[in-house]
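The values are calculated or read from the model by the stated rules, or taken from the named source; none is laboratory data. Here the structure is a predicted model, which is why all the values come from computation and not from measurement. Cβ placement follows ideal geometry from the backbone for every residue including glycine, while neighbour counts extend to all protein chains displayed. For the accessible areas, the whole protein counts, side chains as well, though only heavy atoms, and no ligand, DNA or RNA atoms are used. Shrake-Rupley method; radii C 1.70, N 1.55, O 1.52, S 1.80 Å.
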Amino acid sequence: FPESVESIEYGEYLFEIADDSNVNLASLKFPKPADKKVGAVTYSVVSLSLPVSGALSDIFDFIDILRTDERFASTEVTGINIDMGGGETSAIIKVNIYGYKG
C-alpha cells in the first residue's frame with residue numbers, strides 16, 4: 001500500500017489509462033481521504049466515481065486495467081453502473097484507493 005494517495009499522480013494515471021483504453025474520462029474529483037480502520041491497521045481511503053464513455057469493450061478494458069495495473073494495486077472496484085441508451089455507452093465506475101497510514 002502506498003503511504004499516501006496523491007491526487008495529481010493518480011489523476012494523471014487515470015487519464016493515461018482512459019486514453020490507452022480509448023474511453024473518455026469526463027471528469028475527476030478527488031475528495032479528501034477518509035480513515036478506515038481494519039483491525040489494528042488504519043488506511044487512508046479515497047472514494048472516486050469515474051464517469052467514462054466509449055465502446056463497451058473499451059470500458060471493460062479500462063476496468064480490467066484498473067484491476068491489474070500495479071499502480072492501482074491498492075485499489076478496489078466497488079461498483080459499476082453501465083448505461084447503453086442514447087447511442088453511446090457510458091459507465092460510472094466506483095473505486096476506493098487505499099493508502100497505509102501506519
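Pairs linking a residue in the range 70-91 that is free of Cβ contacts under 8 Å to residues at least 60 places away in the same chain and within 30 Å of Tyr43 (Cα to Cα) to a residue that is part of a strand (DSSP E or B) and open to solvent by 90 Å² or more (accessible area, probe 1.4 Å), with Cβ atoms under 6 Å and 6 or more positions apart or on different chains, are Thr78/Lys94; Gly79/Lys94.
I'm checking my understanding of the structure. Among residues of the range 1-36 that are in contact with a strand residue (DSSP E or B) (Cβ under 7 Å, 6 or more places away or on another chain) and part of a helix (DSSP H, G or I), which one is modelled with the lowest pLDDT? This residue is Tyr10.
Can you tell me which residue within the range 57-95, out of those that are assigned to a strand (DSSP E or B) and small (Gly, Ala, Ser), is most open to solvent (accessible area, probe 1.4 Å)?
Residues of the range 57-95 that are assigned to a strand (DSSP E or B), as a first pass: 75-83, 90-95.
After this cut, where a residue has to be small (Gly, Ala, Ser) as well, the list is 79, 90-91.
Details: Gly79: 23, Ser90: 41, Ala91: 4 Å².
Once the filter is applied, the top-ranked residue is Ser90.
Select from the range 25-59 the residues that are hydroxyl-bearing (Ser, Thr, Tyr) and closer than 19 Å to Gly79 by Cα and write down the one among them that is farthest from the chain's Cα centre (by Cα). Break it down into steps so the answer makes sense when it comes.
Taking the range 25-59 first, the residues hydroxyl-bearing (Ser, Thr, Tyr) are 27, 42-44, 47, 49, 53, 57.
Next, from what is left, pick out any that are closer than 19 Å to Gly79 by Cα: 27, 47, 49, 53, 57.
Numbers: Ser27: 12, Ser47: 8, Ser49: 7, Ser53: 14, Ser57: 17 Å.
Among those that are hydroxyl-bearing (Ser, Thr, Tyr) and closer than 19 Å to Gly79 by Cα, it is Ser57.
In the range 59-69, is there at least one residue being more than 16 Å from Ile92 (Cα to Cα) and either at pLDDT 85 or above or in contact with a Ser or Thr (Cβ under 7 Å, 6 or more places away or on another chain) (or both)? Yes - at least one qualifying residue is present in the range 59-69.
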